[in-house]
Amino acid sequence: MASLGLQNVAGINLLFKEGPKVNAKFELKPPPYPLNGLEPVMSQQTLEFHWGKHHRTYVENLKKQVVGTELDGKSLEEIIVTAYNKGDILPAFNNAAQVWNHDFFWECMKPGGGGKPSGELLELIERDFGSFEKFLDEFKAAAATQFGSGWAWLAYKASKLDGENAANPPSADEDNKLVVIKSPNAVNPLVWGGYYPLLTIDVWEHAYYLDFQNRRPDYISVFMDKLVSWDAVSSRLEQAKALSA
Amino acid sequence: MAARALLTRKTLASVLRKDARPLGVGAAVATHSRGLHVYTLPDLEYDYGALEPAISGEIMQLHHQKHHQTYITNYNKALEQLQDAVAKADSSAVVKLQAAIKFNGGGHINHSIFWKNLAPVREGGGEPPKGSLGWAIDTHFGSFEALIQKVNAEGAALQGSGWVWLGLDKELKRLVVETTANQDPLVTKAPNLIPLLGIDVWEHAYYLQYKNVRPDYLKNIWKVINWKYANDVYEKESS
Ligand SMILES: [Fe+2]
Ligand SMILES: [Fe+2]
């Protein structure tokens, strides 16, 4: 591992208050609301399967894959970056990244969420996308056009890429700005270095199939209108700026 | 090629479009024999509910009427844009369209094969392959059960969305099990591969019935596999 990658990971570790670095035990963290808390937009049944089965399986498989290997004892973020292996992914990557992605995703939502952000977050969105509506269009388009399974992200692109894992991010972008990106399957912006994720939407079919079947665009719209926790996004922006300053 | 023979289409020449291109360009292209085709949803040879209990009628209906139709709609759209871009010699637009063509065209090719790969039990679904494909499977995989195990293992291990295939390598004259991501057709793995059987392991193919348990879907789908079709393709392509 290059030291730059580790520095970066350490920063993210602080940012998201992840578990201990020694003998890390990965646990299935519950969403910060009851499983019926997002009804009627996202059904309890969806949460029961998405959190109770899919997320749980990622956690359990990760534990099995890590135990007794060189990854044992590393933080989740370290495992993600190490196992991404510059795009030539190692077996633990998918489970590790999916555990992180789902932890992050649950915290992106709240009962009675949605609407419009405020304060500095709104200012930066307007600065970097032109308007909140244009941001919405771009984010929704990214989520709708991710071929197959994956994720769409709003991220704070904080600094120059560290190069270690920077095989395929949109590296022509300027630094210190908000960007919308999408990623396939389990991939998340941590692997590129320099990106601080602020918001994500899961566009694997399991995230919406019980509630919306094939209508992914409807799921994306209602997620933005009624579920996004802009408070969570704002506080992540604050932390990202502090860490990258 | 087997895949091509499956595609249902009609020429655009017979369907006058309201949103025709600017006259000069459109007229020039229309006079060429390789006019734009409009792909349409192929009919299933069985009712939506005919594969129950292995695959529910609700899944079959959504899968065929919504998912497959959307790939066709977006494939037609992309081809129309491609034709415009080619006519305008806009290379960057031509290249940019490749991803949408691969995804949506692949979705159409793959699903067209998939429907043929399935049959109700009373019409022979699930009956192990007879004829030369049965022999070939025993030769290459040891037994029919060994093939099923291999397909199930590779299908279950596939990350995200995709397909698991039994294919014929025409060059090496051997059977192969392969997976492809998203809607990549088998031919993207190697040009000499002919799909005999493709199993859709996108979540939409099983989620309403099997939820997160993809291995159960894979276990049950063998009860409705149409081996006669796979055998016909095999015999045609290996002769
Ligand atoms: Fe998910
Ligand atoms: Fe499908």
### Task
Quick one: in region A:83-132, of everything that is open to solvent by less than 10 Å² (accessible area, probe 1.4 Å) and β-branched (Val, Ile, Thr), which residue is nearest to ligand 1 (Cβ to nearest atom)?
A:VAL99
### Summary
Screening B:ALA99, B:ALA89, B:ALA93, B:ALA78 for residues that are among the hydrophobic types (A, V, I, L, M, F, W, C), assigned to a loop (DSSP other than H, G, I, E, B) and either touching a strand residue (DSSP E or B) at 6+ places or on another chain (Cβ under 9 Å) or more than 13 Å from ligand 2 (Cβ to nearest atom) (or both) leaves only B:ALA89
### Task
Filter region B:190-231 down to residues that are within 16 Å of ligand 2 (Cβ to nearest atom), among the hydrophobic types (A, V, I, L, M, F, W, C) and under 14 Å from the mean Cα position of the chain (by Cα) and give me whichever is nearest to the other protein chains (Cβ to nearest Cβ).
B:TRP202
#### Entry: Residues (more than 14 Å from chain B (Cβ to nearest Cβ), in contact (Cβ under 8 Å) with a residue 12 or more places away in the chain and either outside any helix (DSSP H, G or I) or hydroxyl-bearing (Ser, Thr, Tyr) (or both)) located in region A:39-68
A:VAL41, A:MET42
## Note on the structure
The correct count of residues that are over 17 Å from A:TRP153 (Cβ atoms) and out of contact with any Phe, Trp or Tyr (no Cβ under 9 Å at 6 or more places or on another chain) in region A:215-245 is 8
### Message
Among the residues that make up region A:65-77, is at least one of them in contact with a Pro (Cβ under 7 Å, 6 or more places away or on another chain), within 16 Å of ligand 1 (Cβ to nearest atom) and open to solvent by 30 Å² or more (accessible area, probe 1.4 Å)?
### Response
no
### Task
Quick one: which residue in B:ARG34, B:ARG9 is within 29 Å of A:THR145 (Cα to Cα) and at pLDDT below 95?
B:ARG9
### Query
Of all helices (runs of 4 or more DSSP H) completely enclosed by region A:162-245, which ones contain at least 1 residues that are at pLDDT 90 or above, surrounded by fewer than 19 Cβ atoms within 10 Å (Cβ to Cβ) and away from chain B (no Cβ under 14 Å)?
A:216-222, A:230-244
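The values are calculated or read from the model by the stated rules, or taken from the named source; none is laboratory data. Quick caveat: nothing in here was measured; it's all calculated off a predicted structure. Virtual Cβ from ideal backbone geometry, glycine too; neighbours counted across all protein chains shown. Note: accessible area is taken over every heavy atom of the protein model, side chains too, but ligands, DNA and RNA are not part of it. Shrake-Rupley method; radii C 1.70, N 1.55, O 1.52, S 1.80 Å.
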